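Structure first, commentary second.
The values are calculated or read from the model by the stated rules, or taken from the named source; none is laboratory data. Note that the structure is a prediction, hence the values are computed from the model and not measured. Cβ atoms come from the backbone with ideal geometry, glycine included; neighbour counts cover every protein chain shown. Surface areas here come from the heavy atoms of the whole protein model, side chains and all, with no ligands, DNA or RNA. Shrake-Rupley method; radii C 1.70, N 1.55, O 1.52, S 1.80 Å.
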Amino acid sequence: MKTILISLALLSSLYSYDESHLQKFLETKDCQKCDLSDADLSNKDFTHANLSGTNLSGVNFENSTLVKANLWGVNLSDANLQNTNARAANLMGADIINIKCDNTTFKGTNFANANFENVTCTNLSIWSANFLETSFENVDFSNAGAAYANFDNVDMSDLNINGAIFWNAKVTNSILKKEDCEYLKKEEAISENNQCN
């Protein structure tokens, strides 16, 4: 009997999300302050979903749609967002740490006060995205499409923007590496009141 209980405990630990929260979200696309950690939400349409304040650590959103979803304050640590369309989503105050994000679309997404850590994306679209007081630690946006994006009051010194398209992007009141300030000029970005170190 003891062996069976231990086996059941180990099995349940493989799925750390709350089953009732998952069912609620799948039925309504609305689950605020829920625990959906490690859930498989791939290949689904979550347009206009409301996941405000939810634990999404380890979630698999690969090939899913999160257009105009409310992801305010979510925890996306170790989440899979590959090939995900999160256009015009609200990711204000989100923790975006160690995510997979190749071929991901964040066009027009709001990242104000979000926290990016250890993120490397290839073929990333952040066109018209908003980065206000967003923090970056070991983040690689090289070769990303960032035209018309807005970076305001941001420390970009630990953000790699080599090869990224910054045409008509607006970078203001921010801290950048000296070479990135020169790069923004070449890209015809709008650069004002920045500190170039």
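Worth a mention:
- If only residues of the stretch 32-51 that are in contact with a strand residue (DSSP E or B) (Cβ under 6 Å, 6 or more places away or on another chain) and among the small types (Gly, Ala, Ser) are counted, the one that is nearest to Lys100 (Cα to Cα) is Ser42.
- Candidates in the stretch 38-72 are the residues that are in a loop (DSSP other than H, G, I, E, B) and of a type in the set (Asp, Glu); of these, the one that is farthest from Leu91 (Cα to Cα) is Asp38.
- Any hit, the stretch 167-187, residues being among the acidic types (Asp, Glu) and touching a strand residue (DSSP E or B) at 6+ places or on another chain (Cβ under 6 Å): no
- Considering the stretch 105-115, and only residues there that are under 10 Å from the mean Cα position of the chain (by Cα) and surrounded by fewer than 24 Cβ atoms within 10 Å (Cβ to Cβ), the residue that is farthest from Ile161 (Cα to Cα) turns out to be Asn110.
- A single entry from Ser128, Ser157 fulfils the requirement of being assigned to a loop (DSSP other than H, G, I, E, B) and within 16 Å of Gly108 (Cα to Cα): Ser128.
- Residues of the stretch 19-37 that turn out to be in a loop (DSSP other than H, G, I, E, B) and either open to solvent by 40 Å² or more (accessible area, probe 1.4 Å) or touching a residue at least 60 places away in the same chain (Cβ under 8 Å) (or both), as a count: 3
- Unmet criterion (only one of (1) in contact with a Cys (Cβ under 8 Å, 6 or more places away or on another chain); (2) at pLDDT 95 or above) for Phe46: (1)
Residue by residue, here is whether (1) over 21 Å from the mean Cα position of the chain (by Cα); (2) open to solvent by 10 Å² or more (accessible area, probe 1.4 Å); (3) farther than 18 Å from Leu124 by Cα holds:
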residue: Ser142; (1), (2), (3): no, yes, no
residue: Ile161; (1), (2), (3): no, no, no
residue: Trp167; (1), (2), (3): yes, yes, no
residue: Lys178; (1), (2), (3): yes, yes, yes
residue: Lys186; (1), (2), (3): yes, yes, yes
residue: Glu192; (1), (2), (3): yes, yes, yes
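- Qualifying residue in the stretch 141-156 (condition: more than 21 Å from Gly58 (Cβ to Cβ) and touching a helix residue (DSSP H, G or I) at 6+ places or on another chain (Cβ under 8 Å)): yes
- Taken as a whole, the condition of being touching an Asp or Glu at 6+ places or on another chain (Cβ under 6 Å) and open to solvent by less than 50 Å² (accessible area, probe 1.4 Å) does not apply to Phe151.
- Residue match in the stretch 118-128 (condition: over 21 Å from Asn83 (Cα atoms) and polar (S, T, N, Q)): no
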